[in-house]
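Asker: Before I ask anything, let me first share the structure, which is written out below as structure tokens.
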Amino acid sequence: MTIEALKIFESMKKKIDFGCGPNKKQGFYGVDIIPFPNIDLVLNIGKDHWPWEDGSVEEAHASHFVEHLTAQERVHFVNELYRVLEPGGKLLMVTPHWASCRAYGDPTHMWPPVSEFWFFYLNKEWRKVNASHTDIEFNSSGFNCDFTITSGYSMRQDLITRNQEYQQFALMNYKEVAMDMIATFVKK
């Protein structure tokens, strides 16, 4: 990290917009692998060690970014996120829903698409009981994060006015209902 970039980060409220592209969130420190004019740091977020100290970030944002990472890069992303977030720190993540053509229409999106089930793996207690083979304790390329995650969906406009029972039925049974998943990760 350059001295200038470090000064910018230190002067801000320790908020990072990961994979911000040309649309950095206002009040956030912008990070991307592509050197867009408005970003503050060029970094391979899915592979490089992040330059921020442990517990130094209070809030993060990742909109339409995580789906561009390979499965292993996603593991690196959440492990590094867990390291740099302060206790109780949050990430707001928006990603295309796996059953939407938005998830697989862009050729730069990686397989597998992000699904709700991935969120379970980001909780240490769940991994211990259900998938200990994915934990860093047993697998050097595994998870070492521990998040509480709440999530929801953005839906097609024509379904927003329908009643909740119909919306739930549609989400469970029809493709192209949910457009995006919106999740909040909170560091335990």
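Any read-out appearing in this document is the output of simple, stated calculations on the displayed coordinates, not a laboratory observation. Quick caveat, the model's predicted, so the values are computed rather than measured. No Cβ is skipped: glycine too gets one built from the backbone with ideal geometry, and neighbour counts run over all protein chains shown.
Asker: Pairs of Cα atoms under 8 Å, at least six residues apart: use those to get the relative contact order of segment 53-118, whole percent.
Answerer: 43
Asker: Continuing with this model, one more query. Give the peptides 68-81, 115-128 in descending order of average Cβ contacts within 10 Å, highest first. Mind showing how you got there, number by number?
Answerer: Working: 68-81: 18.4, 115-128: 15.6.
Peptide ranking by packing, descending: 68-81, 115-128.
Asker: Tell me what the chain gives for mean residue ellipticity at 222 nm when only DSSP H runs of n ≥ 4 count, each as -39,500 (n - 2.57), the sum divided by the residue total, rounded to 500 deg cm²/dmol.
Answerer: It lands at -7000 deg cm²/dmol.
Asker: Let me ask another. Restricting to lysine pairs 8 or more places apart or on different chains, what number in segment 3-187 have Cα atoms under 17 Å apart?
Answerer: So the count works out to 16.
Asker: Let me check against my output: what whole-number percent is the relative contact order of the chain, with C-alpha pairs under 8 Å and at least 6 apart?
Answerer: 19
Asker: Hey, another quick one. Pairwise over distinct Cα atoms, reciprocal of the mean inverse distance: report the Kirkwood radius of segment 79-188 in Å, one decimal place.
Answerer: Numbers: mean 1/r = 0.0646 Å⁻¹.
15.5 Å is the Kirkwood radius here.
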